[in-house]
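Contents: one structure, followed by commentary.
Derivation of every value follows stated rules applied to the coordinates shown; laboratory data play no part. Please read all numbers here as calculations on a predicted model, not as lab measurements. Every residue, glycine among them, receives a Cβ derived from its backbone with ideal geometry; neighbour counts consider all protein chains shown.
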Amino acid sequence: MEENISLVDIVAELVDARIPLSSKNPDIDRLAANKKRIIILNKADLADSKKTDLWKDYFFSMGFKVITADSKTGKGVKELYPACRELMKEKIERLKLRGRILVPSRVMIAGIPNVGKSTLINKLVGRSLTKTGDKPGVTRSKQWVKIKKDLELLDTPGILWPKFDDQAVGLKLAFTGAINDDILEKNELAVRLIDELLRLYPGSIESRYGVSEEESPDEVFVKIGQNRGFLTKGGEYDALRTAYVFLDEFRGGKLGKITLEIPLKTCE
Ligand code: G4P
C-alpha cells in the first residue's frame, strides 16, 4: 500500500457510513500525508441520512473532500470524478501555464476489508476486473484503468486493517460485519447490539419484531427468538439462530437506516 500510494495523486478512502470513525484506519493519515484526499461515506443506503450529513460536515471541516455513495447500486459513484478534478485543478492550471503536457491524474481506492472497495471499483470501471495475480506463476503488474481522459484509477485497492484499542470500536466493527464476529459469542454480540439500538433507535426493534422494548436487552433477545418461533429440535428456544438472524437482518438494513456513531463535536 505504501509503495502504491507513492504512485498516485489522490487517495479516496472508503468508510462505512454507519460507523464512519470506527471503520477509518488512522494510519492512512500518515501514509497519505502528502496526497489529495477524499472520504467516501459508503453504504449510505444503510445509514441514517441525518447523521450522514453530520459526518459530511465533520470530514469536510477536517479538510477532506466528501462523497456519499451506495456502491451496490452505483448511487453517488459518479461524484468521484468531479471531486478528483476539483482537487487537481490548481496543479493542472500550473502545468498549463508552464506549457507542460498534461498527464492524467491518478487515484487509488483504500479502506478496511468489506467496506465496499471492490464493489465501488467495479462500478467505476463498469465491469469486473480480471485478477491476473490469482493465476499461479503470473506476476500481477499494476494496472491503470482510464476513468476519463484525465483520470486513471489503480485497479487494486489499498487494504487497511481495522485498528482499535477500544472495545467499543471493535464491537461496532463486529455489529456491521466488518470484522469476524467471533470477538464475542454471537448471542452476546446480538444482545450488545440490542442494547445499542434500544438506546439510539427506540422503536426499531419493536416495529420489526413486535416485542416490547420495556425489558432488558437479554429479555428482548429471547422474545425476538420466541416471536419468530426459532426452536431447536428439542423444542427449546434457539438462541444461536436468533443471534444469526438478528445480526443478519441488522446488517441488511431490515431494522431501518441506522448509524451507530456521531461526530464527537456534535455531542458537546
Ligand atoms: P471490499 O472490497 O472493501 O472488501 O468490499 P466488497 O466490495 O467486497 O463489499 C463487501 C460487501 O458489502 C458486499 O456484500 C457488497 O455487496 C456490500 N456493499 C458494498 N458497497 C455497498 C453499499 O454501498 N451498500 C450496500 N448495501 N452494500 C454494499 P456481500 O454480502 O459480501 O456480497 P453480496 O451479497 O452483495 O453479493
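Tabulated results
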read-out: Burial ranking of peptide ranges 62-68, 108-114 (average Cβ count within 10 Å, highest at the top); value: 108-114, 62-68
read-out: Summed side-chain charge close to residue 254 - residues other than residue 254 whose Cβ falls under 10 Å, Lys, Arg +1, Asp, Glu -1; value: 0
read-out: nm² value of the averaged projected area, convex hull over the Cα atoms of the chain; value: 17.9 nm²
read-out: Around residue 151: net Lys/Arg minus Asp/Glu count, Cβ-Cβ under 11 Å; value: +2
read-out: Helix-only [θ]222 nm of the chain, DSSP H runs n ≥ 4, -39500 (n - 2.57) each, per residue, nearest 500; value: -11500 deg cm²/dmol
read-out: Sorted largest first, extent of the range 1-132 alpha carbons per principal axis (Å); value: 47, 39, 26
read-out: Descending Cα extents along the principal axes, the range 72-119, whole Å; value: 43, 20, 13
read-out: Mean Cβ neighbour count within 10 Å, used as a protection proxy, ranking 184-194, 213-223, 91-101 highest first; value: 184-194, 213-223, 91-101
read-out: Sequence ranges 204-210, 235-241, ranked by mean other-Cβ count within 10 angstrom, highest first; value: 204-210, 235-241
read-out: Local electrostatic count, residue 242, Cβ distance below 12 Å [Lys/Arg +1, Asp/Glu -1]; value: -1
